[in-house]
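*Asks:* First the structure, then my questions, so here it is.
Please treat every number below as a calculation from the coordinates, not as lab data. All of these numbers come straight from a predicted model, not from anything done at the bench. Note: ideal-geometry Cβ built from the backbone for every residue, glycine included; neighbour counts use all protein chains shown.
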Amino acid sequence: MSNLTAFESEEQDGYIKIDQYNQKQVEEIASYYPAILRAIGENPEREGLVKTPERVAKALQFLTHGNDVDAAEVLRSAMFEEEYSQMVVVKDIEVYSLCEHHMLPFFGKAHIAYIPNGHIVGLSKIPRVVDAFARRLQVQERLTNEIRDCIQETLKPAGVAVVIECKHMCMAMRGVQKQNSVTTTSAFTGAFQNDVTRSEFLRLIMASLD
Ligand SMILES: Nc1nc2c(ncn2[C@@H]2O[C@H](COP(=O)(O)OP(=O)(O)OP(=O)(O)O)[C@@H](O)[C@H]2O)c(=O)[nH]1
Ligand SMILES: [Zn+2]
């Protein structure tokens, strides 16, 4: 279980089952929703809404469960000594997060690279680190920096590069109502502060960039 988050039980039939909710927290979050439903003019007793407080509570718990994940531990659980010292790029990692201002989704892709310095990391751990920081109330800039810092401080590579591109539903469904704008953020350490290395990384992810 050590690499699994609170929401994942052991693999069954090739799928990770998402079934571990904190029942006490679900009940507390759900208890507020009948009042919220009434405040928006709904009838929380009507058939379609009876179970909605519990559903919303479970959804919110899932969407913020990164708060309980130790991302550094996720990396440490699969670090291997290896002499490979070229760039490792994992691109097109789906990102789903919630903006901390409106609690509406922002989502898109992360592209991550590092240059090993004696250790490599299990590839799946990179998307797991993305999820650990994304499944919280976030801003895209902090998400970008937290991923960079976690990989740099834990794996201690020769450099880390993180580029994230997201659409923010708070800018599309409400507010300024711009449906097509995409926000790009980036963060670099070490060798990626050098123009040549950074350009190589950007060239490798170019086809994926919007
Ligand atoms: N920098 C940054 N801003 C974000 C992110 N997600 C949402 N925002 C912005 O947070 C800001 C909050 O601004 P406020 O003026 O306090 O909120 P608001 O009145 O709802 O603003 P509008 O969205 O312009 O209607 C808005 O400009 C959002 O677009 C993010 O990840 N990074
Ligand atoms: Zn927002």
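*Asks:* Of all GluC sites (Glu not before Pro) in the range 51-147, which ones are in loop regions per DSSP and have a Cβ with at most 15 other Cβ atoms within 10 Å?
*Replies:* Those that pass, being in a loop and sparsely packed, are Glu82, Glu83, Glu100.
*Asks:* Angle between the Cα long axis of helix 52-63 and the longest principal axis of the chain, 0 to 90 degrees, nearest 10?
*Replies:* That works out to roughly 10 degrees.
*Asks:* Moving on. What does the convex hull of the Cα atoms of the chain come to per residue, in Å³, rounded to a whole number? Walk me through the intermediate numbers first.
*Replies:* Values: hull volume 30.7 nm³, N = 210.
Roughly 146 Å³ of hull volume per residue.
*Asks:* Working from Cα positions, state the angle (0 to 90°, nearest 10) between the long axis of helix 125-134 and the longest principal axis of the chain.
*Replies:* 40
*Asks:* Using Cα atoms only, what is the angle between the long axis of helix 23-39 and the major principal axis of the chain, expressed in degrees (0 to 90) to the nearest 10?
*Replies:* Relative to the chain, helix 23-39 is tipped by roughly 60 degrees.
*Asks:* Show me the trypsin sites (Lys or Arg not before Pro) within the range 39-98 that DSSP assigns to loop and that have at most 11 other Cβ atoms within 10 Å of their Cβ.
*Replies:* Those satisfying the criteria are Arg46, Lys51.
*Asks:* Okay, moving on. Counting other Cβ atoms within 10 Å, which trypsin sites (Lys or Arg not before Pro) in the range 98-157 have at most 11 and lie in a DSSP loop?
*Replies:* none
*Asks:* Please report, in debye to the nearest 20, how large the charge dipole of the chain is about its Cα centre when each Lys and Arg carries +1 at its beta carbon and each Asp and Glu carries -1 there.
*Replies:* Here the chain has a charge dipole of around 660 debye.
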